[in-house]
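Every number here is computed from the coordinates shown, using simple stated rules; none is lab data. Note that the coordinates shown come from a computational prediction; the quantities given were computed from them, not determined experimentally. For neighbour counting, all protein chains shown are included, and Cβ atoms are generated from backbone atoms with ideal geometry for every residue, glycine included.
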Amino acid sequence: MSLQNGSGIKQLTRLLPEGVVAPSIWLTTNGYSRQLVRKYVLSGWLKSLGHGVFARSGQAVGWEGVLLGLHRLADRPCHVGGLSALNRQGLAHFLPLGGEQKIHVMSIRKPPAWVKSLALTPGLNFDTRRLFPEEARDTGLVQLPTGIRDWMLPMAGPERAVMELLNDVGPHGHSFDHAAHLFEGLTVLRPGVVNDLLAACRSIKVRRIFLFLADHFNYPWGRRLETAALDLGRGNRQVVKGGRLDKRYRITVPESFGAESL
């Protein structure tokens with residue numbers, strides 16, 4: 001293929017949507033040499049976004065285009081998770097008036113250095129902690145339309161998203177009260193998915209908080225949870241500083257949560 005006959009550009013137009021980042025290794029795999037890519041950049045058809053990453057000229061790259069490029073083209077599995085996933089499913093509250101400042105992204109690897117150099121609004125906050133093992137990588141995920149052709153991004157469904165959010169409950173993350181308020185809105189969850197996620201979850205803290213809140217709000221889906229074989233660890237866990245100890249799940253909770261469960 002060549003720049004002159006246009007066959008290379010025609011194929012790249014079909015393969016690469018506007019607004020999606022393309023790593024150089026993907027371009028090479030699809031037959032675009034470094035020399036040809038350089039010609040496309042000089043001609044203004046491609047633009048360089050950083051070392052080894054490009055995009056079609058003419059349209060700004062947003063956070064969706066970055067994640068699509070990473071997930072679909074760079075073989076870096078990731079998904080929208082936590083509070084961002086709840087927000088996109090209409091289940092989040094108390095967002096800033098200007099919207100989210102950061103999109104919470106669950107990823108098995110740290111983002112490439114060039115991601116930080118992009119002036120994305122909102123930005124991207126990558127969480128590389130592995131709350132679930134590899135065999136449960138896709139459990140509880142749904143698909144998020146991006147508005148870029150028919151390309152979609154993986155996103156945590158409400159069952160998984162709330163567990164990812166609970167993983168951040170603590171002095172430097174979400175408050176227990178905020179997490180509980182979000183949990184209160186989860187009136188309809190899929191018990192089978194919840195059971196699979198609880199069984200696979202690597203965090204004792206997340207399991208304990210989730211089960212405590214499920215008991216507290218007592219929604220019908222919570223009565224179908226299979227908890228007998230779950231490992232809840234040993235000893236007490238301080239989730240809320242200065243809170244009261246829930247004797248069943250051995251976590252500290254705010255005083256405002258009734259003493260009937262203590």
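Going by how many other Cβ atoms sit within 10 Å of their own, how do Y219, Y249 line up, fewest first? Please report the intermediate quantities before stating the final value.
On the way: Y219 15, Y249 20.
Sorted ascending by nearby Cβ count, the order is Y219, Y249.
Quick one: dipole size for region 77-230, taken about the Cα centre, charges +1 on Lys/Arg Cβ and -1 on Asp/Glu Cβ, in debye to the nearest 20.
On the way: 17 positive and 14 negative charges, 68 e Å.
Here the size comes out at about 320 debye.
Note on the chain: with charges restricted to the Cβ of Lys and Arg (+1) and Asp and Glu (-1), its dipole about the Cα centre is near 840 debye.
If you rank R72, R207 by fewest surrounding Cβ atoms within 10 Å, what's the result? Before the final figure, lay out the partial values.
Numbers: R72 15, R207 22.
With the sparsest Cβ surroundings first, the list reads R72, R207.
Helices meeting the span-like rule in the chain (full DSSP H runs, Cα extent of at least 18 Å along the helix axis, mean Kyte-Doolittle score of -0.5 or higher): 204-217. Using only the Cα atoms of region 77-230, build the gyration tensor, take square roots of its eigenvalues as a ≥ b ≥ c, and label the shape rounded, prolate or oblate: rounded if a/c is under 1.5, else prolate if a/b is larger than b/c, else oblate. Taking the square roots of the gyration eigenvalues as a ≥ b ≥ c, region 77-230 is prolate. The ranking of F210, F126 from fewest to most other beta carbons within 10 Å of each one's beta carbon is F126, F210. Using 0.36 nm per residue and subtracting the Cα-Cα separation, the extra length available between S57 and S175 on full extension is 38.2 nm.
Tally Lys and Arg at +1 and Asp and Glu at -1 over the other residues with C-beta under 12 Å from the C-beta of L225: what net charge comes out? Before the final figure, lay out each step's value.
Details: positive: R190, R207, R223, R224; negative: E159, D196, D215, E226.
Residues near L225 contribute 0 overall.
Near the amide H of V169, within less than 5 Å, lie the amide hydrogens of H174, all on another chain or at least 5 residues away, with H placed in the peptide plane. Considering only C-alpha atoms, what is the centroid distance from region 82-146 to region 202-262, in Å? About 26 Å separates the Cα centre of region 82-146 from the one of region 202-262.
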